[in-house]
Every structure is written in C-alpha cells, then in structure tokens.
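> Quick one: this structure, given as structure tokens, is what I'll be asking you about.
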Amino acid sequence: MFFILSKILDILLSPTVWILIPLAIALMLKKVKQIKIAVLCSIFILFLMTNAIICNYFLQRWEIDTPDIGNGKSYTWGILLTGGMIKYSDTHPERISTGEVADRMIQTFHLYQQGAIKKILITGGETSIPHLMTDKSNESVNVKRLLIKMGVPARDIFVENKARNTYENALYSSQMLKKYIEKDTVVLITSAMHLRRSILCFEKQGFKVRPYAADILKKETPLSLLSYFKPSEKSLQLNFQLVREVAGIVVYKIKGYI
C-alpha cells in the first residue's frame, strides 16, 4: 500500500501540477483582479521551475559528489541501485536499451575493472502497479546481462529483484549480505541526487557505507546569460526529482525507514 501511495503522491509533487493549479483556480474565479493574480502565480511558478540558474543552484547544494576510490583501495561489495538504467522497447524486445541514468552501471563497471570492488549486488525489482503503471524493463537481470557482456564474470554479479523502493533496496540487501554488514564497508552506487536518502536507508539497516556518486547533474561551470531567461524543460524535470527526494526523506523519516 505504501508503494502505491508513494506513486500517487508523485502526482501532487509534480511542478507541472503546481503550474496548472492556479490556472484551474482562475477558471473558477469571476473577479478580474483575482483571475490576474492566479495567472501571475502560475507564470511565476513556471519561471522558477524552468529556470536553469535556479535549478542548478539547488542541485549544487543537494547532490552529493564523491571522490574516486584511490588505487590500491578495495572493497568486497559494490551495491548498485536500479531505477532507470534500462528502458523497455516493444519494437526491439531482444535489444537491451540503456536509460537516462545508465551512468551508474558504467561507474560500477569502472570500479570493478580497477579492482575497487570485487563483487556486485544489483538491487531492484519490478515496479508495476496493476491498472496504474507497467514496468517491463526487467532491470536487474538486464543490467547483469550487460555487465557480463562488458566482461564482468557472472560469478561476481548477484541480483536482488524484490525491492520496489530505496527502503526495500536496503532491507533486502541486508538480508543477502548479513554476514558482511558488521565487518565490511560496502560501496553504495547510485545517482548523486539520490545518495542522501540511500545512505540513510542503508545505514539504518546496519551497513557501513562508502557512497559513490553517478549521474551527476549539477554544473560547476558558469551558465550562459541566456540561461537566466530561457525556459528549460529539463530544469522542470530536475526540479521534480529534487522535490521528490526532499519529500522522500521526510516521508521515510516519518515511517521510520531512516
């Protein structure tokens, strides 16, 4: 039930919904002054949510960027969190197409190749909800297939395919690696934006975590003058992700997951 409610909550957290609500209110108002105020509120939210400068400001303060693991330093386990690394295509069902956040898979391969991690646990299951959303990516299994094609031996890749959210990622991973929790530090690999919640969830389950950031979205170089005024659809999406992460930590705290 919590998983279903969390997906419904996503609708309310969407900045696009925030933009549309004042416009919907404006349609119900009769006084011209009130209509103008509602429309101006919508325009103001639209400007804030699509402004690349404002978006990057919050990204720089939220994302956790972690240094590379130095040569000679090695950990037994790297735990890779799924969530958008694979996209399913009905047109080419036999082709494994990577998604927008495939960088975390590449970074995991990089860590294994340089000897920073010896084994990989891919955690994440199907997120389908009957009549609400469909997930046919089979992400954990397909990521394993790709890593094997890239040269990682199958004996060093393990799959946990029941977890549907970050709390369950940590819970089921702890059940699989329970004999390692007390004595070993694990490398936790996920997006820089998602690291804060992930670290808290895994530490709650008793893990000693060495975080490793992938899919870094913040820009350190100065943005162009045009970015101050040009609406950015990408910024709208990134702001949605930021809001979800902040809300996720609040909800997880209330639920006792972190």
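Here, each number is a calculation from the coordinates, and none is a lab measurement. Since we're looking at a predicted model, the values are computed, not measured. Please note: Cβ atoms are built from the backbone with ideal geometry, for glycine as well, and neighbour counts cover all protein chains shown.
> For VAL141 and LYS33 in one chain, what is 0.36 nm times their gap in residues minus the Cα-Cα distance, to one decimal in nm? Spell out each step's value before the answer.
Working: separation 108, 0.36 × 108 = 38.88 nm, distance 5.70 nm.
Full-extension gain reported as 33.2 nm.
> Another question about this same structure. With every atom except the alpha carbons ignored, what do you get for Rg and Dmax of the stretch 148-258, in angstroms?
Rg and Dmax of the stretch 148-258, Cα atoms, are 17.5, 54 Å.
> With charges only on Cβ, +1 for K and R and -1 for D and E, what is the dipole size of the stretch 75-214 about its Cα centre, in debye, rounded to 20?
So the magnitude is around 400 debye.
> If you place +1 on the Cβ of every Lys and Arg and -1 on the Cβ of every Asp and Glu, how big does the dipole about the Cα centre of the stretch 31-88 come out, in debye to the nearest 20? Before the final figure, lay out the partial values.
Working: 6 positive and 3 negative charges, 107 e Å.
Charge dipole of the stretch 31-88: 520 debye, to the nearest 20.
> Follow-up. Report relative contact order for the chain in percent, whole number only (criteria: Cα-Cα under 8 Å, sequence separation at least 6).
Working: 397 pairs, mean separation 62.7, N = 258.
Contact order relative to length: 24 percent.
> Just to check I understand the Karplus step: with θ = phi - 60° and J = 6.51 cos²θ - 1.76 cosθ + 1.60, what whole-Hz values come out for the stretch 98-113, glycine and proline as x?
Listing the rounded values in order: 7, x, 5, 10, 5, 4, 5, 5, 4, 5, 5, 4, 4, 5, 5, 4 Hz.
> Right, next: Nearest 0.05, what FRET efficiency do GLN113 and TYR228 give at R0 = 51 Å with Cβ-Cβ as r? Could you put the intermediate results ahead of the total?
Working: r = 41 Å, r/R0 = 0.81.
For GLN113 and TYR228, the calculated efficiency is 0.80.
> Same structure again: Between LEU9 and VAL250, what length comes free when the chain is fully extended (0.36 nm per residue of separation minus the Cα-Cα distance, one decimal in nm)?
Numbers: separation 241, 0.36 × 241 = 86.76 nm, distance 1.28 nm.
Full-extension gain reported as 85.5 nm.
> Run down the aspartates and glutamates and flag those whose C-alpha is under 16 Å from the C-alpha of LYS73, throwing out any fewer than 8 positions away in its chain.
Leaving aside aspartates and glutamates fewer than 8 places away in the same chain, those within reach of LYS73 are ASP184.
> Sort 75-82, 234-241 by packing, meaning the average of other beta carbons within 10 Å per residue, with the highest value first.
75-82, 234-241
> For the stretch 168-185, just list the computed ³J(HN,Hα) in residue order, Karplus coefficients 6.51, -1.76 and 1.60, θ = phi - 60°, integers in Hz, with x standing in for Gly and Pro.
Coupling constants for the stretch 168-185: 5, 3, 5, 4, 6, 5, 5, 5, 7, 10, 4, 7, 9, 4, 6, 9, 10, 9 Hz.
> Quick one: which residues, 5 or more positions from ALA214 or on another chain, have an amide H under 5 Å from its amide H? H modelled 1.01 Å from N in the peptide plane, none for Pro or chain starts.
For ALA214, the qualifying residues are THR190, SER191, ALA192.
> What are the chymotrypsin sites (Phe, Trp or Tyr not before Pro) within the stretch 149-178 that DSSP puts in a loop, where the Cβ has at most 10 other Cβ atoms within 10 Å? Please report the intermediate quantities before stating the final value.
Values: sites: PHE158, TYR167, TYR172; in loops: none.
Passing both the DSSP loop test and the Cβ count: no residue.
> What is the stretch 75-214's relative contact order, in percent, from Cα pairs under 8 angstrom and six or more apart in sequence? It would help to have the intermediate numbers written out before the result.
Details: 257 pairs, mean separation 39.2, N = 140.
Rounded, it is 28 percent for the stretch 75-214.
> Quick one: which of LYS149/LYS204; LYS144/LYS255; LYS87/LYS162 span more than 24 angstrom between C-alpha atoms? Don't skip to the answer; put the middle values down first.
Values: LYS149/LYS204 34 Å; LYS144/LYS255 32 Å; LYS87/LYS162 18 Å.
Table pairs above 24 Å Cα-Cα are LYS149/LYS204; LYS144/LYS255.
> I've got another one for you. Near the amide H of PHE158, under 5 Å away, which other amide H atoms are found, from residues 5 or more places off or on another chain, if H is placed in the peptide plane?
Result for PHE158 returns ILE120, LEU121, ILE122.
> How much of the pair distance distribution for the chain lies past 36 Å, counting alpha-carbon pairs only, in percent? Before the final figure, lay out each step's value.
Working: 6934 of 33153 pairs.
That tail contains 21 percent of the Cα-Cα pairs.
> Pairing the Cα long axis of helix 15-28 with the longest principal axis of the chain, what angle in degrees results, from 0 to 90 and rounded to the nearest 10?
Computed tilt is about 20 degrees.
> Work out the length of the dipole vector of the chain about its Cα centre, built from +1 on the beta-carbon of each Lys and Arg and -1 on the beta-carbon of each Asp and Glu, and round it to the nearest 20 debye.
Numbers: 34 positive and 21 negative charges, 98 e Å.
Charge dipole of the chain: 480 debye, to the nearest 20.
> For the stretch 140-147, in order, what is each residue's ³J(HN,Hα) by Karplus, 6.51 cos²θ - 1.76 cosθ + 1.60 with θ = phi - 60°, in whole Hz (x at glycine and Pro)?
Residue by residue, the stretch 140-147 yields 4, 5, 6, 5, 4, 4, 5, 4 Hz.
> Just want the answer: with Cβ charges of +1 for Lys and Arg and -1 for Asp and Glu, which residue in SER140, ILE216, TYR252 is farthest toward the dipole's positive end in the chain?
TYR252
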